[in-house]
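Some notes on the structure that comes next.
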Amino acid sequence: MRRSVLLFLSSLVLAAVSFGLGLNWGLPNRDADPFLFGDRRAWTGAEIMQFAGPRATSTGLGADVDRNPLGVSAGPVLLNETDQQRAEIVRRYRLYSAQPDEMITFMSLAQMKPRQGHLDPKLYQYGGLWVYPVGALLAAAGKLGLIQLTADPTFYLDHPEAFARFYIVARAYSAAFGIIGAACVWWLVRRLGTGPIAGALAMIAFAMLPVVNNMAHEAKPHLPAAVLMLMAMMAAIKYVEAGFRRWWIVAAVLCGAATGMILSAAPVCIILPLMVLFRAMPWRSRFIIISAAALVAVDVYAITNPYVVKHLVGWTLSENPLRSNLANSNAMYSPALSAQSVFDARRLLSYAATGPIVIAGIVCGVALLLPRRTTASAEGAAERAGSPLATHPDFPNVPATRPVAALLLAPSAVILMQFVLLAEGKPGEYARFALLPSLAFLILAFGGIASFLRQSVGSTVVLAVITGATTLHGVTYVWRFLSDASDRPSRLIVAERLESIRRSGATSLGVRAEPAPYSLPPVNLWEWKIWYAPSRPELDALCDMRLEAEEADGVTAAHSAPTTQAVVIERHPRKARRFDTPISWAAKPWVLTKRRSSPGAGEPASQPDE
């Protein structure tokens, strides 16, 4: 018992350290000012507000909906022609992080007015269980003097490092759920009849799993929701084992809470009917429990997201932020089943969970679902490992591991089907939507291998190899976060390169996203002409050069035009990089494409930066 506790606590500390290192990556500061303003005096917060004006508000728009969308029907748009445009760009570099989705939580909180009773987040794909606790944590941190809260936006524009602490608070909320998730993985792996060594190795692999480590470093609700889903499965397993009413109630509450954290967690509710089917009882009783559990889950979601209910009732009203918010989310995803979507889903899933865990998880998951004879020695091993059941209490021919596998795989299968339908052409960050399936594969892989190999030395060696391979990927993610938390992050390295090219004669720069820390390194807003167009050919014909962040494996195909040359600029040379971090926005490679005939084409930029 003492060894088991020691292994658990040691693995938990390792997970906490891995999630905490580099938590301050990519935060807003004033380091971009010398690049944005050049030899000019940097604007104060009051000047930025004077030129840009306050952010437009509307009762009918979602918090994440662009108030001033760019119109490109007439061709490329010049983004930095006026002081108003420049001020809007500077405001992003003063307030936004290097992760494009983190700011929307603070946009949601900024438009609330608690003293007036206006608490509508106008952000509904991120649930109230994410937005409201982040707001409460910020308020508590303000009371403790850890952050400075003020309603004056000019203060944060003058002191972006003060606003950066908001991101750390929200990221810490996500990372805390990651630590809880490590404990959940221990419990679930042990429930498959394994020993403490397998549980500890699974916790380490969990902490180093690329998608987990990445999401623990971002102020987003995906990891907290996934952990709540694991907890819901744990309660469902307890109900299958013991049949006590309190466990199906807890499972239903956690299903509602997971959906209340992020809307994409809704498939977890499939475990509610499934857990009841694994108990022997009259069908009438099953129907009553399933109905009651569904009602509890819906109530929990409604309590944590009251404005969703309000706006559903008023769906047909002309100004409905729920309709606006969901339309904005739907515009980003177009479901399509094709060979390409399947291929992209396979690629993205390998980013999230690594190949060995995906393969081992699928094989072990199927094996755990199949009927198998439970011998006396297996029963004894399961009991010694802490699994209370060798066989199902109501069905003697069903191993106790089958409900665990089924409850893990059922919602994961639904999520994977959605994942495949939306995967075509998606970048590496889309792998975050495979978070729950990745966790299920990890748990089934470690639990299955240890169980099937009877917790032998051979099983420990196999699990140690898988853990080591996963750790190599995870350490690379931590390294990149630490790199982008340094005094010279990747975007400033590229900013230096762009400034040297500008001085050699280049004047026009093409982008496919509005300038922000995550889409464009800071550049001189008076000396460059920054053109926006979603189409590459338009930019190639108009601009001396084009710059964008792309995954390393897409660089060659995207930039093969004979009239241009592509240069990958990143923190570390490609030849020294053994593992990419495609899910992460930290130290992301930037692709610089120059016309060979441009004035700056003679500048030697064919090699990555050191």
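Using the beta-carbon distance between Val298 and Thr154 and R0 = 56 Å, what value does 1/(1 + (r/R0)^6) give for FRET efficiency, to the nearest 0.05? List each step's numbers first, then the result.
On the way: r = 43 Å, r/R0 = 0.78.
Between Val298 and Thr154 the formula returns 0.80.
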>> For Lys588, give me every one of the lysines with a C-alpha distance below 25 angstrom, ignoring sequence neighbours fewer than eight places off in its own chain.
In response: Lys220, Lys426, Lys529, Lys575
> How far apart, in nm, are the 7 Å Cα→Cβ label points at Ala46 and Arg2?
Replying inline: 6.8 nm
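Evaluate E = 1/(1 + (r/R0)^6) for Leu277 and Ile362, where r is the Cβ-Cβ distance and R0 equals 25 Å; express this FRET efficiency to the nearest 0.05. Mind showing how you got there, number by number?
Details: r = 23 Å, r/R0 = 0.91.
Calculated transfer efficiency: 0.65.
Can you give the extra length, in nm with one decimal, that the chain gains between Ala136 and Gln116 once fully stretched, where that is 0.36 nm per residue apart less the Cα-Cα distance?
Working: separation 20, 0.36 × 20 = 7.20 nm, distance 1.67 nm.
So the extension gain works out to 5.5 nm.
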> When Tyr532, Tyr96 are ordered from fewest to most other Cβ atoms inside 10 Å of their Cβ, what list results?
Replying inline: Tyr532, Tyr96
> Taking R0 as 45 Å, what's the FRET efficiency between Thr316 and Arg286 from their Cβ-Cβ distance, rounded to 0.05?
Replying inline: 0.75
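Could you list Asp101, Asp152 in order of exposure, starting from the residue whose Cβ has the fewest other Cβ atoms within 10 Å?
Working: Asp101 17, Asp152 11.
Ordered by Cβ neighbours within 10 Å, fewest first: Asp152, Asp101.
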>> If amide hydrogens are placed 1.01 Å from N in the peptide plane, which non-local residues have theirs closer than 5 Å to the one on Ile262?
In response: Gly127
> Can you tell me the Rg and Dmax of the range 173-484, counting just the alpha carbons, in angstroms?
Replying inline: 19.8, 67
> By how many nm would the segment from Ala339 to Ser500 grow when fully extended, if each residue of separation counts as 0.36 nm and the alpha-carbon distance is taken off?
Replying inline: 53.6 nm
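All of the numbers you see were taken from the coordinates with simple rules; none came from a lab. Computed from a predicted structure; not experimentally measured. Cβ: placed from backbone, ideal geometry, glycine included. Neighbour counts: every protein chain shown.
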